[in-house]
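Structure first, commentary second.
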Amino acid sequence: MKRFLGCLLLALASMSHEPALAAELEAPTEGSVRLLLELTGAEQLGLQMMDSMINDFEDTFPGVPMSFWEEFRSEIRPGEISDLIIPVYQKHLSRQDVDELTKFFSSPAGRRFVSKQPAILADSMQIGAQWGEQIGERVIEKLKAGGHLK
């Protein structure tokens with residue numbers, strides 16, 4: 001009898017967690033991920049990164065007319081990056097994760113974070129570039145000290 005009650009309790013406990021477990025395991029829909037990307041400003045960040053890359057290309061290829069770069073920019077569809085990364089979000093996040101993130105990014109704190117994110121990204125990229133230069137210098141120094149480079 002004790003064994004039967006134990007099994008019954010275990011079965012009831014597992015049934016009560018099934019909806020929550022299903023939400024944790026269920027992949028988010030394309031629409032829910034697209035909304036999350038919209039709320040986080042992911043497309044805008046992607047466009048900002050693209051502009052930065054194109055500016056680098058402009059510096060690398062100074063003889064190319066500005067009209068080429070303007071035309072190239074106009075060919076980029078803003079939602080293109082979202083279309084490419086939605087499956088990544090669906091692979092790594094659950095429906096519940098996306099729902100909770102959507103709630104956060106809909107909140108005042110989430111909207112403030114999103115509004116500050118471009119400046120955070122720009123500052124971080126500048127710091128990252130400086131750090132990369134320092135790492136490069138340290139590698140060269142260490143190679144020279146070890147006799148691997150003259």
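Worth pointing out:
- Farthest toward the positive end of the dipole of the range 106-150, out of PHE113, GLY146, GLY136, is the Cα of PHE113, where the dipole comes from beta carbon charges about the Cα centre.
- Euclidean distance of C-alpha centroids, the range 47-84 and the range 110-150, integer Å: 23
- For the range 114-130, putting each phi into the Karplus relation 6.51 cos²θ - 1.76 cosθ + 1.60 with θ = phi - 60° gives couplings of 4, 5, 8, 4, x, 5, 4, 5, 4, 4, 5, 5, 5, 4, x, 5, 5 Hz, in residue order, rounded to whole numbers and with x for Gly and Pro.
- For the range 65-73, backbone phi angles converted through the Karplus equation (6.51, -1.76, 1.60; θ = phi - 60°) give residue-by-residue couplings of x, 4, 4, 4, 5, 5, 5, 4, 4 Hz, Gly and Pro being listed as x.
- Accessible surface calculations at 1.4 Å, restricted to protein heavy atoms, place the range 21-150 at 72 Å² per residue.
- Across the range 39-54, coupling constants 3J(HN,Hα) worked out from phi with the 6.51/-1.76/1.60 Karplus curve, θ = phi - 60°, read 5, 7, x, 4, 5, 4, 5, x, 5, 5, 5, 4, 4, 4, 5, 5 Hz, and Gly and Pro carry x.
The values are calculated or read from the model by the stated rules, or taken from the named source; none is laboratory data. As the structure is a computational prediction, the values presented were derived from the model and not from experiment. Don't worry about glycine lacking a Cβ; one is built from the backbone with ideal geometry, like all the others, and counts go over all protein chains shown. Just so you know, the surface numbers come from the protein's heavy atoms only, side chains and all, with ligands and any DNA or RNA stripped out. Shrake-Rupley method; radii C 1.70, N 1.55, O 1.52, S 1.80 Å.
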